[in-house]
Amino acid sequence: MKFTYEAYRNLIALLRECGYTICDYHNYMQSDKSVIIRHDIDLQIEKAVRMAEIEHDINVSSTYFVLVSSNFFNVFSKRNQAYLREICDMGHAVGLHFDEVKYDGQTNLVQAMEEEAALLEHCLGREVRSLSMHRPSKATLEADYKIADGRIVNSYGTEFFHDHKYITDSRRNWREDVTQIIKSGTYERLHVLTHPFWYDEEEQSASKRLKKFCTGRVEQCYDDLSDNIRDLEEFLRKDDL
């Protein structure tokens, strides 16, 4: 499967043609044949907004998991807060993407998850009802954490990581043939993870996509500097970057 928006639209169409109902972490039991669609926001919120728009246009609601401790974006900035609320306003859910690596071995991880979820709720002005792990360790995958007394769903809990067929495009690589899995009809419960960062109108190699991201970061940095330093051009012109 290509990493293009057209290919993603075709994936959704195939799911529907094969009888899957697109559900979320809370209502999938209402359907005999369900798929939960999840997106992790690791690097760039803008790409998630574009994916959310595409889904909205084809009547799909999914869940977007966002880091609150990323080195690449600040969820509390005016721009990114607006992006995340826009995703919610399109009918999608926004959940917490939790990075255990930032904590030492003495930390109560469940408490940390609940604290980060509370921060995200404050950012969104909405309840956070689901959580995913960012590059989870084997121990975390096996822990089957119960968060906020079960109010917040753990997407890597047994119910969703083992009882569903889990398919992911991590590192811009579908580890299994996602279209064949859907067509086979072998599984009544699918759990599909994509990373919007890798998708675009045209197919791009990983290196090209990453280079484009880095270039865009420099340009965004200049624009942000311009918002904070009067007459920035006296010191540095954008064309000189």
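Key figures for this structure:
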item: SER61 in the same structural domain as CYS123 (by TED's automatic domain parsing), closer than 29 Å to ALA139 by Cα, of a type in the set (Gly, Ala, Ser) and touching a helix residue (DSSP H, G or I) at 6+ places or on another chain (Cβ under 8 Å); result: no
item: Residue match in segment 57-71 (condition: over 14 Å from the mean Cα position of the chain (by Cα) and either assigned to a strand (DSSP E or B) or of a type in the set (D, E, K, R) (or both)); result: yes
item: Output for segment 76-108, where each listed residue is buried (at least 21 other Cβ atoms within 10 Å of the Cβ) and part of a loop (DSSP other than H, G, I, E, B); result: HIS92
item: Conditions (1) modelled with pLDDT under 95; (2) hydrophobic (A, V, I, L, M, F, W, C); (3) within 17 Å of the chain's Cα centre (by Cα): number failed by ALA139; result: (3)
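The values are calculated or read from the model by the stated rules, or taken from the named source; none is laboratory data. In this text, all values refer to a predicted model and were calculated from it rather than measured experimentally. Positions of Cβ are backbone-derived with ideal geometry, glycine not excepted, and every protein chain shown enters the neighbour counts.
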